[in-house]
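The values are calculated or read from the model by the stated rules, or taken from the named source; none is laboratory data. None of these values were measured; they are calculated from a predicted model. Using ideal geometry, Cβ is built from the backbone for each residue, glycine included, and neighbour counts are taken over all protein chains shown. With ligands, DNA and RNA removed, areas are computed over all heavy atoms of the protein, side chains included. Shrake-Rupley method; radii C 1.70, N 1.55, O 1.52, S 1.80 Å.
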Amino acid sequence: MNSEAGLAFVVYWGIVLFGYDTGIGGGVVSNPYFQQHFGVSGNQKKIDAVSSNVVAVLQAGAFFGAIGSAPISARIGRRWTLEFFTLIFCLGAILQTIASGPPHGLGLIYGGRVVAGVGIGGISSVAPAFVSECSPKDVRGRITGLFQIMVRSYSYDESTPNLIRYTTKVAIGVMISYFVNFGISAHISTGVLIWRIPFAIQLVPGGIMALGILTIKESPRWLASVGRNEEALKNLAYLRKEPETSPDVLHEMAEIEAAIIEEREVRKGLGWKEAFFGKGNFVRFFIAFFIFLLQQWAGQNSVNYYAPQIFQAIGYEGTKAPLLASGIYGVVKVVATAIFIFWGVETLGRKLSLFISAMGMGILFYIIGALLKTHPPPPVVNGQPPSSPPPASQAMAGLLYIYVVFYSMGWGPLPWVYVADIFPTRTRHYGLAVASASQWLWNFVVSKVTPQMKTNLGYKIFIMFATVNVGAMATFSLLIPETKNRSLEEMDVIFGAVSAEERQAYINKVENEGVHGAVEHADNSSNSVRSDSVERKV
């Protein structure tokens, strides 16, 4: 591979893996033969337990994979870290695929999901950072946009190239998983292939990624960060398809080295006490934690992970109908995500987008809950579901499709953008770590309890999510400060770390003492770094 697009193509298979793996579990467990084969058919409590375990243990494994990937990546580099976690994922996929039946079949599936989750967590943390570090400025947004469509649609801000590393639920991968489950239900009614085929398909992108990583270069920025500057220069020239003596390559190398030096200076002496409890910092960390608590309880994850079961709850009975409805849900989500990422993310502002998104989701869930209460699905007679879903069920499905559009325009992508907006460079790595931990924690909790809530609450589950959307998420959207078109330096003033008067006085002082001298000094430093790169090359 000799281009940034080729690198992105290889690395982003891992993002498809994550979406596919999160979406496939609910459909597999909902298959009647799977339930019969593993002895849970007819016992809704056992079915709910198996469903929640199959989905939740993946999230648990991903939590530890994401946490563990940071020190490993810093130690051995992005490329070999991705290879390591990809091989772990493939091992987990194999364990899931070879599962046959009782007494050890479910144990193999659970164990395989945990192992695969560890791999997925590491991949989802390192992959976007790797691509961001290797991509030039003029195409980084477009290449990252590819990631955004593959992922659950976290948006990207040019000033925060690393924020996308914390993505979890993938749109395209999830959509593929829905249609794989639908295809299996349409053509295979019995046998171990009902779960072996969906689980084995994971090995295709996993294998492509494992082999493809061997053909790509290590991140120049990581190489420079560990003092391997000559190798960094070679890799940078290779990625840019230019000679190592190119002025553009040398200038970019100088920028990389200067940025690394600056980051080290900024974070020198920073401890956790100052990071979390310094003036103006605690409220930012509270927002970072709480915004993802709310996002995970918006209801979207419950639909995302357990789409077939949710559509069954609103009247799409049988095997094929709920899976087809789930597939359409996935398509709508991908399209809505792409439209918002490329055309809507910077139009409305953070607060307004989050508020409209929360109100839209809440109102739609209230309507769905009311329809489900007043027009419950008709009972299944003699084991035969209705030939087609009743009109009320079709209306509820349509409302769910509109719901995911509202999710994709606000509470899907924007929490990551907002968190990246509010933290200064000195504490941003702590802030994103807290946000990531909150996202994974509540992701696990929601995926674990959703099947039981669906069974025990019935229509009330939609009322509950609606109340969270309107009562908590919309209110939260109005209380937080707007960050659109505000610089990172202004965040300190907004959150009270420094007063506006103090900041302005300092700006005036710098200007009076001679900003031109500072600029000249920065230029000299850049030229010095560039000359150093040339000398090492010569």
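Quick notes on this structure:
- Pairs, first touching a residue at least 12 places away in the same chain (Cβ under 8 Å) in segment 239-258, second of a type in the set (Asp, Glu), C-beta under 6 Å, six or more apart: Val249/Glu242
- Residue match in segment 208-228 (condition: on the phi < 0 side of the Ramachandran plot, more than 28 Å from the chain's Cα centre (by Cα) and either part of a helix (DSSP H, G or I) or modelled with pLDDT of 90 or more (or both)): yes
- Within segment 171-205, tally of residues that are in contact with a Ser or Thr (Cβ under 7 Å, 6 or more places away or on another chain) and modelled with pLDDT under 90: 4
- Residues of segment 132-147 satisfying the condition of being of a type outside the set (D, E, K, R), in a helix (DSSP H, G or I) and modelled with pLDDT under 75: Ser132, Val139, Gly141, Ile143, Thr144, Gly145, Leu146, Phe147
- Val54 being under 23 Å from Pro103 (Cβ atoms), free of Cβ contacts under 8 Å to residues at least 60 places away in the same chain and in a helix (DSSP H, G or I): yes
- Flag for Phe18 being under 28 Å from Lys333 (Cβ atoms), open to solvent by 50 Å² or more (accessible area, probe 1.4 Å) and under 19 Å from the mean Cα position of the chain (by Cα): no
- Some residue of segment 458-476 being modelled with pLDDT of 70 or more and among the basic types (Lys, Arg): yes
Conditions tested, residue by residue: (1) under 28 Å from Phe85 (Cα atoms); (2) not polar (S, T, N, Q).
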residue	(1), (2)
Ser219	yes, no
Val226	yes, yes
Tyr238	yes, yes
Glu242	no, yes
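- Filter result (under 14 Å from the mean Cα position of the chain (by Cα) and open to solvent by 10 Å² or more (accessible area, probe 1.4 Å)) within segment 21-30: none
- Residue check for Arg196: touching a helix residue (DSSP H, G or I) at 6+ places or on another chain (Cβ under 7 Å) and over 22 Å from Leu7 (Cα atoms): yes
- Considering segment 439-465, and only residues there that are polar (S, T, N, Q) and buried (at least 22 other Cβ atoms within 10 Å of the Cβ), the residue that is nearest to Tyr305 (Cα to Cα) turns out to be Ser447.
- Residue satisfying condition, being in a loop (DSSP other than H, G, I, E, B), on the phi > 0 side of the Ramachandran plot and at pLDDT below 50, within set Ser159, Ser153: Ser153
- Contact annotation: residue pairs with Cβ atoms under 8 Å, 6 or more positions apart or on different chains, pairing a residue in segment 189-202 that is under 12 Å from Val28 (Cβ atoms) and open to solvent by 40 Å² or more (accessible area, probe 1.4 Å) with a partner that is modelled with pLDDT of 90 or more and polar (S, T, N, Q), are Arg196/Thr97.
- Test: residue in segment 405-422 that is open to solvent by 10 Å² or more (accessible area, probe 1.4 Å) and farther than 21 Å from Lys484 by Cα: yes
- Residues of segment 56-114 that turn out to be touching a helix residue (DSSP H, G or I) at 6+ places or on another chain (Cβ under 9 Å), under 30 Å from Tyr33 (Cα atoms) and of a type outside the set (Val, Ile, Thr), as a count: 24
Condition check ((1) open to solvent by 60 Å² or more (accessible area, probe 1.4 Å); (2) under 30 Å from Lys454 (Cα atoms); (3) hydroxyl-bearing (Ser, Thr, Tyr)) across all residues:
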| position | (1), (2), (3) |
| --- | --- |
| Val249 | no, no, no |
| Glu255 | yes, no, no |
| Ala259 | no, no, no |
| Glu262 | yes, no, no |
| Asn281 | no, no, no |
| Ile291 | no, yes, no |
| Trp297 | no, yes, no |
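- Residue count for segment 85-127, restricted to those that are in a loop (DSSP other than H, G, I, E, B) and open to solvent by 40 Å² or more (accessible area, probe 1.4 Å): 4
To keep it simple, each residue is scored yes or no on (1) open to solvent by less than 10 Å² (accessible area, probe 1.4 Å); (2) within 17 Å of Asn301 (Cβ to Cβ); (3) free of Cβ contacts under 8 Å to residues at least 12 places away in the same chain.
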{"residue": "Ser41", "(1), (2), (3)": "no, no, yes"}
{"residue": "Lys46", "(1), (2), (3)": "no, no, yes"}
{"residue": "Ala49", "(1), (2), (3)": "no, no, no"}
{"residue": "Gly61", "(1), (2), (3)": "yes, yes, no"}
{"residue": "Gly65", "(1), (2), (3)": "yes, no, no"}
{"residue": "Gly77", "(1), (2), (3)": "yes, no, no"}
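- Odd one out for Ile256, checked against (1) at pLDDT 90 or above; (2) assigned to a helix (DSSP H, G or I): (1)
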